[in-house]
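Have a look at the structure below, then the notes.
Just so you know, all these numbers are worked out from the coordinates, no wet-lab data involved. No experiment lies behind these values; they were computed from the predicted model shown. All Cβ positions, even for glycine, are placed from backbone atoms using ideal geometry, and neighbour counts span all protein chains on display.
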């Protein structure tokens, strides 16, 4: 709020604000206002509810001592929070690896993409999930479905590894 | 003598653009711009866009031709995404130094004092780790003071040869760079100070560094004289590791289209109040003073102009959204005048106090008689639900999808904060 504070005024509302008479003139002068308004008094009868509850005085649970924290799936699925992203799978090319359409992939960008890992990579700017394989000195992206061909990674191909898939969340 | 200080400034390159590119690898090396609220102006530009001469803050309509002819991809600001990516970058950086100051959404100072590593290769390591973990490219400037670390970072970004890391520990190198750097690029030198310095014949950072701090203090102020000391390698500005809570909270935005009815403005204002109240509770404060302002579009020549603000000081500080919304709307009804096309409104909280501050005893508690009763439990419950399911609970007066909502036609998915908007891989 830039210019507005310059012409800030203390305000009144007919309905609920009334001028306050007991403010010393020095205070008004100090704040550059000519009147200070306060909310009007509206006296209302407020019946106070009377509570009559029971005070519990039973035995504490004998299991209280054994309370442990509850299980958190993040602990199981996420090692590095800052580097972990989720992605939605589409298509059937990785069915053999247990990845089906609509599954959620847990992707850790900080893990080294070595041969054998399932990775997300960008080929010509398009994101895809495949298994990274080094085979006889040749890198390739392998599908896990016979209907989909493997992709050989030659130097002229624009390919960037985005992250390593660590888990699949699949609804049944 | 004090031990030699050493700071690193890690700054994300074109941060908003980089965030968008992480999830859109097809946009690597392509011109990309991010627009301000309401899709008005450029607030982030890829290097390709900068090369086209589009400056920070340029209104979109002025360069629409360039955008079309060069196929610039534009995004509306996706603050949920940027905030999430920022916290990923910051928590990655945390492990690299014993102390860190998060300076802004895309910059952090690290304390390198007393570290024995080769700082340049250590910083290359930081750069690689952040890029790998988060996808965000960063530059690092290393120097004995924060001001020089900023300068080093400026150099790291400006010259590709540096590979994104510049160490200004060496005074000779420092002087050389300062001779090449306009004084206005120095951290803390605003445009007015710069004009005054230029008039005195001080044009480069080096010109400023050779001034006497005492003389500068006389002609300017202590801040500028500290800058002179800092440029000479004497650390005067310390690291502030703990983010100090804000003393003021402002939430204001331009409307998606000009509004004329008080009901529409009130809806927008209620929404801004709700956001501001969330922030207020997030930092465990209560507010005493609530101000509201409205204004027309000052750039529109054909519209009659009007703008006003009003403030109300509450007897009892509050953090209850309902109290705040009621008060703000009372103020709005007072400053609103029919017959104008309003472009913007906002709410500002000032005079904030910690929640734990005891209330003064008030003999005639007028406020409680006219305003909703404070209910911290209810507010805590709403905050908890809204954290889980963003914006799922709001007051009736702030019902969303109003005509006031800012334009965000090019908004990218909330890739990291919404299950329904995850990036898709084939």
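What to note about this one:
- The radius of gyration of the Cα set in the stretch B:1-124, together with its Dmax, comes out at 17.6, 60 angstrom.
- Note on the stretch B:1-64: along the principal axes its Cα atoms extend 58, 26, 23 Å, ordered by decreasing extent.
- Crossing angle, helix B:222-231 versus chain B [Cα axis fit, 0-90 degrees, rounded to tens]: 40 degrees
- Over the stretch A:97-172, relative contact order from alpha-carbon pairs under 8 Å, at least 6 apart, %: 43 percent
- Spin-label model distance (nm) - residue A:117 vs residue A:81, 7 Å beyond Cα toward Cβ: 2.2 nm
- For a label point 7 Å along the Cα-to-beta-carbon line of residue B:299, residues of the stretch B:63-89 with backbone N under 17 Å: B:63-67, B:75-77
- Relative packing of peptides B:290-299, A:102-111 - highest average C-beta neighbours within 10 Å first: B:290-299, A:102-111
- Legend: ranking of residues B:417, B:274, B:227 from fewest to most surrounding C-beta atoms inside 10 Å; resulting order B:417, B:274, B:227.
- Relative to the current alpha-carbon distance between residue B:409 and residue B:55, full extension at 0.36 nm per residue lengthens the span by 125.3 nm.
- More than 21 angstrom apart: percent of Cα pairs within the stretch B:201-269: 57 percent
- Among the residues of A:77-86, the average count of other protein chain beta-carbon atoms within 10 Å of the residue beta-carbon is 5.
- Dividing the summed -39500 (n - 2.57) terms of all DSSP H runs of n ≥ 4 by the residue count of chain B sets its mean residue ellipticity at 222 nm at -11000 deg cm²/dmol.
- 19 Å cut-off, amide nitrogen to a point 7 angstrom out along residue B:417 Cα→Cβ, residues in the stretch B:63-88: B:75-88
- Using a Förster distance of 22 Å, the FRET efficiency for residue B:375-residue B:283 (Cβ separation, nearest 0.05): 0.70
- Take every Cα pair under 8 Å whose residues are at least 6 apart in sequence, average their separation, divide by the length of chain B, and the relative contact order is 16 percent.
- Among B:313, B:344, the ranking by other beta carbons within 10 Å of each residue's beta carbon, starting with the fewest, stands as B:313, B:344.
- Per-residue average of Cβ from other chains inside 10 Å of B:176-182: 0
- With Cα atoms, 0 to 90° folded angle of helix B:79-93 axis to chain B main axis: 40 degrees
- Between helix B:171-180 and chain B there is an angle of about 60 degrees, using the helix long axis and the longest principal axis of the Cα atoms.
- Separation of the residue B:30 and residue B:128 label points, Cα + 7 Å toward Cβ, nm: 3.0 nm
- Ranking of A:139, B:187 by count of other Cβ atoms within 10 Å, fewest first: A:139, B:187
- Theoretical gain in end-to-end length, residue B:384 to residue B:118 [0.36 nm per residue, Cα-Cα removed]: 91.2 nm
- A straight line joining the Cα centroids of the stretch B:130-164 and the stretch B:206-266 runs 21 Å.
- Inter-chain neighbour count for B:347-356: the average number of beta-carbon atoms from partner chains within 10 Å of each residue's beta-carbon is 1.
- Sorting the segments B:78-87, A:149-158 by their residues' average number of neighbouring beta-carbon atoms within 10 angstrom, most packed first, yields B:78-87, A:149-158.
- The calculated FRET efficiency for residue A:124 paired with residue B:48, based on their beta-carbon distance and R0 = 22 Å, is about 0.75.
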